[in-house]
Amino acid sequence: MTVRSVAILGSTGSIGTQALDVISRHPERFTVQALAAGGGSVDTLITQARSFHVQAVGVADETVAAHVSEALPDVHVYAGDDAATTIAAGYIGAGEAAPADVVLNGMAGSVGLRPTLAALEAGSLLALANKESLIAGGALVHQAVQYEGQIVPVDSEHSAMAQALRSGTEREVSRLILTASGGAFRGRSRASLADVTAKQALQHPTWDMGPVVTINSATMVNKALELLEAHLLFGVELKDIHVVVHPQSQIHSMVEFRDGATIAQASPPDMRLPIALGLSWPERLAEVSPSYDWSVSQTWTFEPLDDAVFPAVRLMREAAAASPLHPAVYNAANEECVAAFLAGNLGFLDIVDTVEKTLSDYSAPAEVSLGAVEEAQRWARESARRSRT
């Protein structure tokens, strides 16, 4: 049995802490080589580093780096904006890089793009939970891939699709069915959403996630990002990827084949399952999460997406058709607006409305490069700020 070394980016967040829980239950399968985090939960980061005997730690917040170094005298500490990228590239101390077998990117936001590229270029298997890096830099990510299957999706929906796609060949696939819980405001009218608060939007009915992902779920932006993510991961045309609302969040997505068969992946809503698959792919670990009690009656329902109330998915289809850089603008503008909403400086409906205006004002250059992506994101954030002032 091969033991895999793992580097975890975003180790103190929801994905990172659950990944470490999975690893702690399977010490015969994994070692934790390095961790990276923003620095907002520095004591948690220090505890993680000690518990898993890591060789290196990256912390974005340089003001806490000295504290981390003092607490972890035998650990190499990288600090600053490039810390996660350095960890992803496999630098764990003096000398040449020693890339981890698996890099789990559980960072939040498009800041994860450079670490994603670094992990791919280092040759590590990339367990990708940071969908924003793929949305912002899709072409760049594809260029950085070194071998088939190097990216393993960790989003529950794309993990479900990856599992279901093993049931047939590429030419046998008819379409992908992306399921959505509907978020906190499923079934509401647009008028009723004008005055909703961040506290209300953060009440997700089935998943326990970080604040940005939860707000994105409420606006359906998360499903818009996942729509493009599915296209980029699996090469299925956007017109053949459909979104359906499934409030119970038990079926995580489906693949429909040309003969009419639909293969669905179902499990209770627990992110440890797709995280574990991301770490051990293509093998499955034992007893990762509870399975169903089929002796108990259950009802699962499906509804069409209300595009009039939640236009985020339609906007992503338009952005993807406009240019390779428009999705980066979409995501950056949304990140800016979500931060403003959580701070009480923007209305709920204004999030997607501002994203739409920002997209309509953007003219993409011909070049697609890391510099062009980062400039598009910078422009989008400034444009979104101007739109709400």
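Output the residues belonging to region 127-139 that are under 28 Å from Cys337 (Cβ atoms) and buried (at least 21 other Cβ atoms within 10 Å of the Cβ).
So in region 127-139, the residues under 28 Å from Cys337 (Cβ atoms) come out as 128-139.
Hits for region 127-139 are Leu128, Ala129, Asn130, Lys131, Glu132, Ser133, Leu134, Ile135, Ala136, Gly137, Gly138.
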*Any idea which residue in region 63-76 is surrounded by the fewest Cβ atoms within 10 Å (Cβ to Cβ), counting only those that are part of a loop (DSSP other than H, G, I, E, B) and in contact (Cβ under 8 Å) with a residue 12 or more places away in the chain?*
Leu72
*Could you tell me whether Leu128 is over 16 Å from the mean Cα position of the chain (by Cα) and at pLDDT 95 or above?*
no
_Sole residue being small (Gly, Ala, Ser), in a loop (DSSP other than H, G, I, E, B) and either in contact with a strand residue (DSSP E or B) (Cβ under 6 Å, 6 or more places away or on another chain) or over 25 Å from His326 (Cα atoms) (or both), chosen from Ser249, Ser192_ = Ser249
_Counted residues, region 351-378 - those being of a type outside the set (Lys, Arg) and touching a helix residue (DSSP H, G or I) at 6+ places or on another chain (Cβ under 7 Å)_ = 16
*So Glu283 clears everything in (1) in contact (Cβ under 8 Å) with a residue 24 or more places away in the chain; (2) of a type in the set (Asp, Glu); (3) under 28 Å from Arg171 (Cβ atoms) except one condition, right? Which one?*
(1)
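Test Leu315 against the stated conditions and say whether it is in a helix (DSSP H, G or I) and in contact (Cβ under 8 Å) with a residue 12 or more places away in the chain.
Details: in a helix (DSSP H, G or I): yes; in contact (Cβ under 8 Å) with a residue 12 or more places away in the chain: yes.
Considered against the rule, which asks whether it is in a helix (DSSP H, G or I) and in contact (Cβ under 8 Å) with a residue 12 or more places away in the chain, Leu315 comes out as yes.
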*Quick one: how many residues across region 142-170 are within 17 Å of the chain's Cα centre (by Cα) and buried (at least 22 other Cβ atoms within 10 Å of the Cβ)?*
12
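Could we say that Gly235 is under 19 Å from the mean Cα position of the chain (by Cα) and surrounded by fewer than 21 Cβ atoms within 10 Å (Cβ to Cβ) here?
Details: under 19 Å from the mean Cα position of the chain (by Cα): yes; surrounded by fewer than 21 Cβ atoms within 10 Å (Cβ to Cβ): yes.
Yes: the conditions hold for Gly235.
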_Within region 30-62, tally of residues that are surrounded by fewer than 19 Cβ atoms within 10 Å (Cβ to Cβ) and within 20 Å of Pro274 (Cα to Cα)_ = 1
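The values are calculated or read from the model by the stated rules, or taken from the named source; none is laboratory data. Treat the numbers as computed from the prediction; the structure is a model and nothing was measured. No Cβ is skipped: glycine too gets one built from the backbone with ideal geometry, and neighbour counts run over all protein chains shown.
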